[in-house]
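The structure appears below as structure tokens.
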Amino acid sequence: MPNVAPERARSAYPYPLLIKRLLEEGVARAPEQEIVYADRKRYRYRELAERVGRLASGLASLGVEPGDTVAVMDWDSHRYLECFFAVPMMGAVLHTVNVRLSPEQILYTINHAEDDVILVNGEFLPLLEKIWDRVEPGKRLVLLDDGAAPPETSLPLAAEYEALLAASDPAHTFGELDEEARATTFYTTGTTGLPKGVYFSHRQLVLHTMASRAALAGPGHGRFNEGDVYMPITPMFHVHAWGIPYVATVLGVKQVYPGRYVPDTLLELLHREKVTFSHCVPTILQMVLGSAGSKGVSLQGWKVIIGGAALPQALARQALDVGIDLYSGYGMSETCPVLTLAQLMPHMEAWPIERQVEVRTKTGRPIPLVQIRIVDDAMNDVPHDGKSAGEIVVRAPWLTQGYLKDPQASDALWAGGWLHTGDMAVIDDDGYLKITDRLKDVIKTGGEWVSSLEIEDLILKHPGVAEVAVIGVPDPKWTERPAAVVVVRAGHEVDEEQLKAQLRDYAARGVISRYAVPERVIFVEALPRTSVGKLDKKLLRARYAS
Ligand code: AMP
């Protein structure tokens, strides 16, 4: 048979997948729906559309053109949502600056991304003042001001956001763009050297929105549908708040943006605005649970996806006991981010809580269009038996093409044509992935892997342990041995022998291997964290290397 290519069925109209469609759909669906910014502003979707037009006209009047980069330094706000749309819709690139990085790292990202305009919350002016003499010249500043009086600053402000919008035309014409035009860029946390920039196109963000929406639709538990009230508690600078504001807008649901995360404020907004759907890292959930407990506020019926780090079983149980419907989600900066969700399958919803906890704390099953493999060093697939661990490598239509201006790291990220996550996982019979460790963080003792996350989970079951990090420390005989760095809960007493005995007990019961019991337990006042609140194990490993 001759090798004949199949006939092509090209669309009569080459429909580009553009971010502006997401806004148009949401506004048409729910023009009167509300958007709330803490206790500072409340308005409707039709006004969102108008303000997005004004913002684009205003930015154009400051000289922004397609291909330029507009940076934002803000806490979660309605303004940030407006930028999520206006900037890419103009054909410019939105740089969501991670304001939790150190000033030196922020300086690096502003110069590296070649920002043309920076929209900056008054709170960050002192930070910007410190680095301004090393910011490359020509960048224009727009003030985002929540205060009554404008802040004093030596910086050359080109405009104030509200004044700029008030003076600008709401009827901005957004032209058609190439769906592969770059829409956003941001930097991953700098645990390994300098921050690395990732970037996403309109097409990638639209497909990520649609696939996330599909994964969250339907009648099962933990879903996100019309009628829900959405409040992100993952910063908008961190992977576009997991891209869920785009999903919320397409759905036309009420959206609540909390500003800076203060547990009592979050709790008040949850209660007052009747929030039903959120996502956050475990640390934030812990804070909100603590605040709700001390104030006697009910969190019954709140649906929460936990990601960014493994969801400990003890924390999941605590949340489920107060009526929160929570489960894990997984992804990374490089993956836009969502890859998997750990919703229960329908037949599991009737299971007792203990069994549900096991599933809800897994890493999850791939959302539509995500291809996941777990592989060994030679890229061979390892068995999906719930025991054999391999590196997670992925393909999906929305993964970053590489790292900004870093071809070498980009090649390593995409070695063999699959994006390498650096995370180790097993896959069980039901297709759920469970991360057992991070490749960059894995503990290998006597040639065998030990999962630091699993040991942490077990140590956290001790009522006196507030926080723990298990790290690998060098050992002359076994190459590496696990050590546990522990923060004791106020008012409790825990000693090293107690914790080791608890773990030996799990080893005796076959839950973990004997060699997984930490060699040392180190008690500390607090654990170091990266700018996005993750445990800084790199620092801990360096600190306790000897
Ligand atoms: P980031 O790029 O900062 O979002 O970090 C992504 C990394 O966080 C992943 O590669 C994982 O190592 C970790 N991570 C994210 N979600 C989870 C999860 N559900 N369980 C365990 N680790 C996670």
Relative contact order of the chain, pairs being alpha-carbon contacts under 8 Å that are 6 or more residues apart, as %: 11
Charge dipole (the chain, unit charges on Cβ, about Cα centre) - positive-most of Gln356, Ala309, Ile392: Gln356
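The stretch 329-422: which trypsin sites (Lys or Arg not before Pro) are DSSP loop and have at most 13 other beta-carbon atoms within 10 angstrom? Let's see the in-between values first.
Working: sites: Arg355, Arg360, Lys362, Arg373, Lys387, Arg395, Lys405; in loops: Lys362, Lys387, Lys405.
In loop regions of the stretch 329-422 (DSSP not H, G, I, E or B), the sparsely surrounded trypsin sites (Lys or Arg not before Pro) are Lys387, Lys405.
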29 Å Cα-Cα threshold exceeded, pairs from Lys434/Lys500; Lys303/Lys405; Lys303/Lys500; Lys196/Lys500; Lys196/Lys303; Lys303/Lys534: Lys303/Lys405; Lys303/Lys500; Lys196/Lys500; Lys196/Lys303
Full-stretch length increase - Arg42, Ser388 - with 0.36 nm per residue and alpha-carbon distance subtracted: 119.5 nm
Only Lys, Arg (+1) and Asp, Glu (-1) charged, at Cβ; the chain dipole about Cα centre in debye: 660
Within-11-Å neighbourhood charge of Val517 [Cβ basis; K, R +1; D, E -1]: +3
log10 of Debye I(q)/I(0), alpha-carbon scatterers only, for the stretch 19-201 at 0.08, 0.09, 0.12, 0.13 Å⁻¹: -0.24, -0.31, -0.56, -0.66
Label-point gap, in nm, between Val262 and Glu32 - each point 7 angstrom along Cα→Cβ: 3.4
Net charge dipole size for the stretch 442-543 [Lys, Arg +1 and Asp, Glu -1 on Cβ; Debye, nearest 20]: 300
Given charges at Cβ of Lys, Arg, Asp, Glu: the stretch 158-306 dipole, positive-most of His238, Ser294, Ala215: Ser294
Residues Tyr515, Tyr80 arranged by fewest to most Cβ contacts within 10 Å: Tyr515, Tyr80
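Under 1.5 on a/c is rounded, so check that first for the stretch 426-546, then, if it is not, pick prolate when a/b is larger than b/c and oblate when it is not; a ≥ b ≥ c are the square roots of the alpha carbon gyration tensor eigenvalues. Before the final figure, lay out the partial values.
Values: a/c = 1.24, a/b = 1.17, b/c = 1.06.
Judged from the Cα gyration tensor, the stretch 426-546 comes out rounded (a/c under 1.5).
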Highest average packing first - 38-46, 277-285, Cβ atoms within 10 Å: 277-285, 38-46
Only Lys, Arg (+1) and Asp, Glu (-1) charged, at Cβ; the stretch 260-331 dipole about Cα centre in debye: 40
For the stretch 323-354 and the stretch 1-47, distance of Cα centres in Å: 26
Where a label projected 7 Å from the Cα of Thr153 along Cα→Cβ would reach, residues of the stretch 221-245 with amide N under 15 Å: none
Cα long-axis angle, helix 282-295 against the chain (0 to 90 degrees, to the nearest 10): 90
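So how do Ser451, Ser168, Ser61 line up by other beta-carbon neighbours within 10 Å, fewest first? Write down the numbers at each step before the final one.
On the way: Ser451 24, Ser168 21, Ser61 14.
Ranked by crowding around the Cβ, least crowded first: Ser61, Ser168, Ser451.
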Pair Thr530, Glu496: separation of 7 Å Cα→Cβ label points (nm): 3.0
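Looking only at GluC sites (Glu not before Pro) in DSSP loops with at most 13 other Cβ atoms within 10 Å, what is the longest site-free stretch of the chain? Write down the numbers at each step before the final one.
Numbers: sites that count: Glu7, Glu32, Glu152, Glu176, Glu180, Glu226, Glu349, Glu493, Glu525.
For GluC sites (Glu not before Pro) (loop position, at most 13 other Cβ atoms within 10 Å), the longest site-free span of the chain is 350-492.
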P(r) histogram, all alpha-carbon pairs of the stretch 1-96 included - 5 Å bins from 0, percent: 2, 11, 18, 19, 16, 11, 6, 4, 4, 3, 3, 2, 1, 0
Farthest positive-ward along the chain dipole, Cα basis, beta-carbon charges - from Val253, Pro407, Leu128: Val253
Solvent-free Debye scattering, log10 I(q)/I(0), computed from the Cα coordinates of the chain at q = 0.11 Å⁻¹: -1.04
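No value in this document is a laboratory result; all are computed from the given coordinates. The structure displayed is predicted, hence computed values, not measured ones. No Cβ is skipped: glycine too gets one built from the backbone with ideal geometry, and neighbour counts run over all protein chains shown.
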